[in-house]
Structure formats: structure tokens, C-alpha cells
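The values are calculated or read from the model by the stated rules, or taken from the named source; none is laboratory data. What you are looking at is a predicted structure, and each value in this text was computed from that prediction instead of being measured. Positions of Cβ are backbone-derived with ideal geometry, glycine not excepted, and every protein chain shown enters the neighbour counts. All accessible areas refer to the heavy atoms of the entire protein, side chains included, with ligands and DNA or RNA removed. Shrake-Rupley method; radii C 1.70, N 1.55, O 1.52, S 1.80 Å.
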Amino acid sequence: MGATDNTRSAQQQAIHLAGPEDSRLFFSGPPRALTGTIPLVNSGADKQKIRSVAVSASDLMGAAGLPLREFSFYARLGPGEQANISGKMMLDRRTPPGNYDVRITVGSRTLPATVYVTEVVDLRMQPRQITILAGSPSSYTRKFIFENLGNVDLPIGAQCEVPLFESFDLVSSMVMGLHKAEKASAESMVKGFLREWSELQAGILVIKRDAKILRPGQKVAIDVEFQLPPELKPIRRYHTNLQLYNAPVSVDIYTTAKVGSSRNRKSHSK
């Protein structure tokens, strides 16, 4: 006898939900990957398979933003076979965290189910790397695209600060420190190395922008101002890494003049 699928009616389909009368199913996880286990039994005399599960959910949307009516689920059972099979339900990525009650139908039987949607923080920023050719002005402006791909509001504050470092690696710093140190003792040489290493920190980079609350699914362009510390030296490279929620940005600064050496201290866009 050949395998059949779930295009037949519920009355004809031999695969149906198993378990006690008071059973309840559970799915949990982020909106795009809610996982759960569905107990099934094939009460027929033939091998059968199903490719989807029917869902009754008045307040849930599927991955394409349409009302959730079913989700893909593959199972193949022999005559009399029963199994607990894992499945994945996909919802609209903006579905808020919380518990949702639904009803799931396989064959002639329907069971209640609880869908527990977890919080997802997922901020995307472009560009992910910027380079500033710094002359005498002390601030520079860049445009960033912010997009909230999670399911919770993301506040974006008006200001953050990060340490800025001169781009010497540890080995180069150690060699320079040892070269400058007095050679009288190991202690003085270690102090020279540590002194040189500590000077790699070149001040605080201040980042300013308009404060916003980014709603799930929202995408905006925001001007971001980078205020350089006055300690930066000319003809040097400085580097830092920024991170806002899960979104990283790499910043490289190449100085062509002493920062703040000119009276012109307006923001530059280049």
C-alpha cells in the first residue's frame, strides 16, 4: 500500500493527535523559530504522511504578516505507529513577547496549545565600519541606517562614550617602552613598558545623535556626530569598536593635523 498525504479530509486521514483528553501542547522560542513536540498516531492500515498542521489563532500572524492558519510539519507513520515529533512554527518577527493560546488540529482531533514567544533584541546598523580623516576640526558627522529586526522597542540614547586607542599592537608597545626605559634594572624596564602601554589610550570619543525609540520593524536614517578628544596627535591612526545592543561598528581615525588647532570647530561630513 502506498503512502498518502494530508490532502484527504480529517475523517479519512488516519494520522491524528495522540495523548490524553486533557493534553496541552507547548511551543516556545523567538517568533521565527518556535519549537514544540506534537504526539501523533496512525490508526489506519496504511503508511501515511502529513506535510502541515492546522492552527486556529485569532491574534497571531505568520512569517509573511498574514493570519496564521497552518504551518509546515512533516511526519510519516506506518500502520499503528505512534511518535512524538518536533516541529517549528514561524510567526511574524515583530510578534511581541508573551503567551498566546491557540488550537492545533491533526486529522480528526484538536488540542489546545500555548505559544510562548521570547524577547528578541536585534538591531542592525549600516555602515558597520567608518573611517574619519581628521584635520583640525574636532567633530565629524556620518549618516547611519538603524533597523529594529527584533520584537521589542529599542531606545537609542542621545550620547555614548568609548575609549579611543592608538593603533599600536601590544608587541610594538612593549618594544617602544623597553627602548625608552632605563636599563638599570628589570623593574625600570617593566615600568617603561607599562607606561608606554597605558599611553595607548588616547582619550574619550563622544558619540551624539537624536534620541529615539525604535519600534519593531522600524528603519530610520540618523545623523551621528563623532566628537574627537583633544589629546589626539597628528599623523597617527586611532581605533575603537562601538556596540549598540547587538550591532557593532568599527571606527578608524587618521589624524592629518592637531585636533582643535584651528578656530574652525564645526562638524564636517567628509
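Can you give me the number of residues within the stretch 12-39 that are of a type in the set (Phe, Trp, Tyr) and buried (at least 19 other Cβ atoms within 10 Å of the Cβ)?
Summing the residues that are of a type in the set (Phe, Trp, Tyr) and buried (at least 19 other Cβ atoms within 10 Å of the Cβ) in the stretch 12-39 gives 1.
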Handout entry: Leading residue by the ranking (modelled with the lowest pLDDT) among those in the stretch 103-157 that are part of a loop (DSSP other than H, G, I, E, B) and either closer than 30 Å to Ala14 by Cβ or hydroxyl-bearing (Ser, Thr, Tyr) (or both)
Key = Ser136
Problem - Scan of the stretch 66-118 for residues that are open to solvent by less than 80 Å² (accessible area, probe 1.4 Å), within 13 Å of Pro31 (Cβ to Cβ) and hydroxyl-bearing (Ser, Thr, Tyr), ordered by number - result: Thr95, Tyr100, Thr118
Fill in the blank from the handout: Only unsatisfied item for Asp59, checking (1) modelled with pLDDT under 95; (2) more than 25 Å from Val152 (Cα to Cα), is (2)
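Suppose the filter is open to solvent by less than 40 Å² (accessible area, probe 1.4 Å) and either modelled with pLDDT under 95 or more than 30 Å from Leu149 (Cα to Cα) (or both); does Ile50 pass it?
yes
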Exercise for the section: Check off (1) closer than 19 Å to Asn246 by Cβ; (2) out of contact with any Phe, Trp or Tyr (no Cβ under 6 Å at 6 or more places or on another chain); (3) in contact (Cβ under 8 Å) with a residue 40 or more places away in the chain; (4) surrounded by fewer than 18 Cβ atoms within 10 Å (Cβ to Cβ) for Val121 and give me the number that stays unchecked. Expected result: (2)
Handout entry: Only one of Lys208, Lys233, Lys191 that is modelled with pLDDT under 95, surrounded by 13 or more Cβ atoms within 10 Å (Cβ to Cβ) and basic (Lys, Arg)
Key = Lys191
Practice task
Scan the stretch 214-238 and report the pairs whose first residue is farther than 13 Å from Ala134 by Cβ and in contact (Cβ under 8 Å) with a residue 12 or more places away in the chain and whose second residue is of a type in the set (Lys, Arg) and loosely packed, with under 13 Cβ neighbours inside 10 Å, with Cβ atoms within less than 8 Å and a gap of 6+ or a chain change.
Solution key: Ala221/Lys143; Ile222/Lys143; Asp223/Lys143; Val224/Lys143
